[in-house]
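The next block holds one structure in the form of structure tokens; read it before the comments.
Nothing in this text is a laboratory measurement; each read-out follows from the coordinates by a stated rule. Owing to the predicted nature of the structure, the values given are computational and were not obtained by experimental measurement. Neighbour counts run over all protein chains shown; Cβ positions are idealised from the backbone, glycine included.
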Amino acid sequence: MGNGKNKELPTSKIIGIPRGLSYYLDNFSWESFFHILGYEVEYSEDSSVETFETGNQFVGSDQCFPVKVYYGHVLSLLKKNNYIFIPQYTSMEEGTYCCPKVIALPQLIKNTIPQEINLLTVEIDLGREKFTRKNIRRLAMSLSQNPLRIFAAVNYFDKNRKRLPEEISSAEKFMGECQSNGKKGSIGVIGHPYALQDPFLNMGILNRLKEFGFDVVTSARYQRSYEQTDCPVYFSRRKPHWDFGRNILYAAESMLKDEKIQGIIFITYFGCGIDAFIEEIFNDSICGQKPYLGLTLDEHSGEAGLMTRIEAFTDMMIRKGGENRDAG
């Protein structure tokens, strides 16, 4: 499904979208896209322990925690509807690639979940605009025979696929700030969009920092424009070929320059090769200028030990009054 070759339209007018991974990458609304074509969208519920336990049964041990949770979202939707939409994000800009697991996500799901699934997918490679537009048109044609709906859906994608965060209402997207009532200062939190927006995946770290009396500013505030072709070299290093990696480096460098940010926390997951490589680039630079804490999470991470590390980090920030120390 979704490759433009099927002659029959879906029998269901409801399309399920898992609330994980690629769900947080979109700068436009797939729900609006499908609504133009005459379909309703049903999202999976928020991530939970049950979501993870359900998905973990079908995932190899080498997969990262967010992928295991994503499987659970897919399986929860299959209890209600077997038409599931999973886009294949290959690249978000010219000359880069997304995480290999995000690229392979539709194939992973299709080949490892034993249940029958009508998979709707489309390859999104924003570095190849004509290629992507053709794929979007084929997806629209596989869902509707109405030329006006098809044209409107493709036109919607063209206009909205590269919107910057400031052009998106707060109702549509997470805006990257968590204000508290405290006066203890601001902490910057870096991570992939799903790490910042899913409280289960980040184990409630952002809310806990607010409870400690800190304002939280996430890397979502510091967004690179994908229209920028002359990508700068970050931390005097050669720019990586991962767009996710460039986003993290840009956010880290921006937080170092932001005088309001007193300390920086990086949330990553065990088994993420991209983050392991990227952190090595900015680790020393950050530690030499601002307090820094690197948190590597997985399904075995204990909340008590995690919060102890965070409390020690915030206490150190307060005691040192902004002096540079490494809490990692």
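Below 15 angstrom from the Cβ of Phe270, what's the summed charge of the other residues (Lys, Arg +1; Asp, Glu -1)? Intermediate values should be presented prior to the final figure.
Values: positive: Lys68, Lys101; negative: Asp62, Asp275, Glu279, Asp298, Glu299.
It works out to a net charge of -3.
Residues with beta-carbon under 13 Å from that of Thr112, excluding Thr112: net charge, scoring Lys, Arg +1 and Asp, Glu -1? Intermediate values should be presented prior to the final figure.
Details: positive: Lys68, Lys101, Lys110; negative: Asp62.
Computed value for this residue: +2.
Quick check on the exposure proxy: order His241, His35, His73 from fewest to most C-beta atoms within 10 angstrom. All intermediate terms of the calculation are to be shown ahead of the outcome.
Working: His241 11, His35 14, His73 26.
Lowest count first: His241, His35, His73.
Label points 7 Å out from Cα along the Cβ direction at Asn155 and Gln57: separation in nm?
4.7 nm
So which of Lys68/Lys110; Lys184/Lys257; Lys68/Lys210; Lys68/Lys101 end up more than 21 Å apart, counting from Cα to Cα? Walk me through the numbers on the way to the answer.
Working: Lys68/Lys110 14 Å; Lys184/Lys257 19 Å; Lys68/Lys210 28 Å; Lys68/Lys101 11 Å.
Those over the limit are Lys68/Lys210.
Hey, what does the equivalent ellipsoid look like for segment 14-163, semi-axes from the Cα gyration tensor as sqrt of 5 times each eigenvalue, largest first, whole Å?
Numbers: eigenvalues 134, 67, 31 Å².
Equivalent-ellipsoid dimensions as semi-axes: 26, 18, 12 Å.
Could you tell me the center-to-center distance, by alpha carbons, between segment 68-129 and segment 37-57 in angstrom?
13 Å
Report the full-extension gain for the segment Lys257 to Ser48: residue separation times 0.36 nm, less the Cα-Cα distance, to one decimal in nm. Before the final figure, lay out each step's value.
On the way: separation 209, 0.36 × 209 = 75.24 nm, distance 3.61 nm.
Stretched fully, the Lys257-Ser48 segment lengthens by 71.6 nm.
What translational D, rounded to a whole number of µm²/s, comes out for segment 38-86 from Stokes-Einstein when the hydrodynamic radius is the Kirkwood one over Cα pairs, at 25 °C and 0.890 mPa s?
Details: Rh = 11.2 Å.
After rounding, the answer is 218 µm²/s.
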